[in-house]
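Step one of this worksheet: look at the structure below.
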Amino acid sequence: MIFMKIMIIGDGKIGSVLAEQLSKEKHEVTLVDRSGVRLDQSNNELDVMVVEGDGASREVQLEAGADQADLVIACTGADELNLLCCLIGKKLGARHTIARVRNPMYVEELNLIKDDLGLSMAINPEEACATEMARVLRFPSAIKIDTFARGHVEILKTGVTAGSPLDGMALKDIGKFRANVLICAVERGERDVIIPSGEFQLKAGDRISVVASPQELVSMIVAKAVNMAEMMKVPMLGRMGYYLARQLLATGMDVKIIESDAKRCEELSQLLPEATILHGDGTDQRLLQEEGIEHMDAIAALTGIDEENIIISLFAGRTTRAKVITKVNRSSYEPLVGSLSLDSVFYPRNICADNVVRYVRAMQNSDAYASMETLCKIVSNKVEAMEFRVTASADFCGIPLQDLHLKDGLLIGCISRGGKTITPRGSDTIEVGDSVIVVAAHSGLRSLNDIFTTRR
């Protein structure tokens, strides 16, 4: 396996998570930041090298090894600085560059200058997170939805409620709903995560991840195994509201944004003329009640302060039956948040990091038979779902799955072939051109070959 030399400029929210994940995957990571205090902490906690200085400096980049780097990732707090760092890194000899770009105007125009900058990829944590939130709002009972195979396959996470048809059902009996779906992971309690067999029996309180085509998920909803209600009125609070509102307005939803910054309110009213923009404090419970929070279908707490988002969400959960979406920046809050019974919690930095890790794995993938297309963490850092596209005939092609030996702790969740979604059975095979979704209770898989213990 080829491991890479990666330079990360900016030891902030995104940079620190990227450094942690990429160093765990055994890459040679160098962190660059102006703050020696931040770097000292990262140096003590992570297996990385550090260089103190301005990432836009040619000398600093050379000291950090940009001329030998396989990848330079610029994720400081300034878009312009990130683009400049990537341009310098590319000129010095870095093979690939990734920049974090948050400004909506830059995001729209970036395609015009992407090649001139030598930029391999642009990441926008807020926009990526908003996209996942918008997916979840299609299904009020969904906790999270990830898409694969260019939208032909989805993994929907939802809860099993008392009295639900799923409560007490063995997975082998799921076919009674006449929906071609597979439950690929079950979370039970705060710590237990199970990759289940057909004999596994669900019970109330479980959180399940279901893989299927969007149409099959709708069939499951029609069978009342998963609840769905029409989503129309969605108030949101915070700066990420722009990205989420833009996507929801496109689907015909009635969107209201509450923003405490008067100047930002004026900007939003121009950018989103179809939305209702209110100047006010989203943590003011009286204001929320005056705006009819109890009649809302969904509420999104998206301020820049985690504690405010959690408080807003807890209040909304007590006041209304609306779907509540909560943005949390600090990964360290995850154990606490998990104990608060919040509906759907999103961590923008983790979503952004997943996109970069997927890109890195695709870069280093030396498998001649399949390439990684998508990577998602469907259960925090405990379970990954990966999409591999089979590009050439391999020794596992054409052999019934029942004759292939999968490693423990993983399963083949779905096969997409020519736009058709196949829920795999023992007699099914993997063929050239297929997209294969693999669910694994451990991280680090880079090749489709890695899922088998023996092959012919």
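Bear in mind these aren't lab numbers, they're just calculated from the coordinates by the rules spelled out. Since we're looking at a predicted model, the values are computed, not measured. No Cβ is skipped: glycine too gets one built from the backbone with ideal geometry, and neighbour counts run over all protein chains shown.
Reported to the nearest whole Å, the Cα centre-to-centre distance from the stretch 9-35 to the stretch 174-194 is 35.
Which order do the peptides 297-303, 94-100, 277-283 take when ranked by the mean count of other beta-carbon atoms within 10 Å per residue, highest first?
Values: 297-303: 26.4, 94-100: 24.1, 277-283: 18.4.
Final packing ranking: 297-303, 94-100, 277-283.
Taking a 18 Å limit on the Cα-Cα distance, which of the listed pairs LYS157/LYS203; LYS263/LYS327; LYS144/LYS327 fall beyond it? The partial results should precede the final answer.
Numbers: LYS157/LYS203 15 Å; LYS263/LYS327 23 Å; LYS144/LYS327 13 Å.
The answer is LYS263/LYS327.
Positive-end ranking of ALA385, GLY280, LEU62 along the dipole of the chain, with charges on Cβ about the Cα centre, is headed by ALA385.
Taking 0.36 nm per residue of separation and subtracting the current Cα-Cα distance, fully stretching the chain between GLN201 and LEU340 would add 47.5 nm.
Is it possible to state the helix-based mean residue ellipticity at 222 nm for the chain, with each DSSP H run of 4+ residues giving -39500 (n - 2.57), the sum divided by total residues, to the nearest 500 deg cm²/dmol? What is it?
On the way: 13 runs with 139 residues, N = 456.
Dividing the helical sum by the residues of the chain leaves -9000 deg cm²/dmol.
In terms of overall dimensions, the stretch 109-223 has a Cα radius of gyration and Dmax of 17.7, 58 angstrom.
From the alpha carbon centroid of the stretch 112-158 to that of the stretch 313-337 is 20 Å. Counting only DSSP beta bridges with both residues in the chain, the antiparallel share comes to about 55 percent. Taking the inverse of the mean reciprocal distance over all distinct Cα pairs, the Kirkwood hydrodynamic radius of the chain comes to 23.4 Å. Which of ALA212, PHE177, GLY413 sits closest to the plus end of the dipole of the chain, meaning its Cα is farthest towards the positive end, when Lys and Arg get +1 and Asp and Glu get -1 on the C-beta? Farthest towards the positive pole: PHE177. Taking the Cα centre of the chain as origin and assigning +1 to Lys and Arg Cβ atoms and -1 to Asp and Glu Cβ atoms, the resulting dipole is close to 1180 debye. In the stretch 86-162 the Cα-Cα distances spread across 10 Å bins starting at 0 as 16, 33, 27, 17, 6, 1, 0 percent of all pairs. For the stretch 121-203, a crude dipole built from +1 on the beta carbon of Lys and Arg and -1 on the beta carbon of Asp and Glu, taken about the Cα centre, is about 300 debye to the nearest 20. Using only side-chain charges placed at the Cβ, +1 for Lys and Arg and -1 for Asp and Glu, the dipole size of the stretch 1-58 relative to its Cα centre rounds to 180 debye.
Rounded to two decimals, what is the ratio between the C-alpha radius of gyration of the stretch 400-456 and 2.2 N^0.38 Å?
Details: Rg = 11.1 Å, N = 57, 2.2 N^0.38 = 10.2 Å.
Here the Cα radius of gyration is 1.09 times the empirical estimate.
As an equivalent ellipsoid, the stretch 281-333 spans semi-axes of 19, 12, 8 angstrom, where each value is the square root of five times an eigenvalue of the C-alpha gyration tensor, largest first.
Scan the stretch 328-437 for trypsin sites (Lys or Arg not before Pro) in coil per DSSP, keeping those whose Cβ has at most 10 other Cβ atoms within 10 Å, and list them by number. Could the numbers behind the result be given before it?
Values: sites: ARG330, ARG349, ARG358, ARG361, LYS377, LYS382, ARG389, LYS407, ARG417, LYS420, ARG425; in loops: ARG330, LYS382, LYS407, ARG425.
Taking the stretch 328-437 and a limit of 10 other Cβ atoms within 10 Å, the loop trypsin sites (Lys or Arg not before Pro) found are ARG425.
Per the Debye calculation on the stretch 64-122 with a single equal scatterer at every Cα and no solvent contribution, log₁₀ I(q)/I(0) for q = 0.12, 0.14, 0.16, 0.28 Å⁻¹ amounts to -0.24, -0.32, -0.41, -1.15.
With label points built 7 Å along Cα→Cβ from the Cα atoms of GLN68 and ARG178, find their separation and express it in nm. Inter-label distance under the simple model: 6.4 nm.
The three principal axes of the Cα atoms in the stretch 251-371 give end-to-end lengths of 60, 38, 26 Å, sorted in falling order. Between TYR369, ALA394, SER16, the Cα set farthest toward the positive side of the dipole of the chain (charges on each charged residue's Cβ, about the Cα centre) is that of ALA394.
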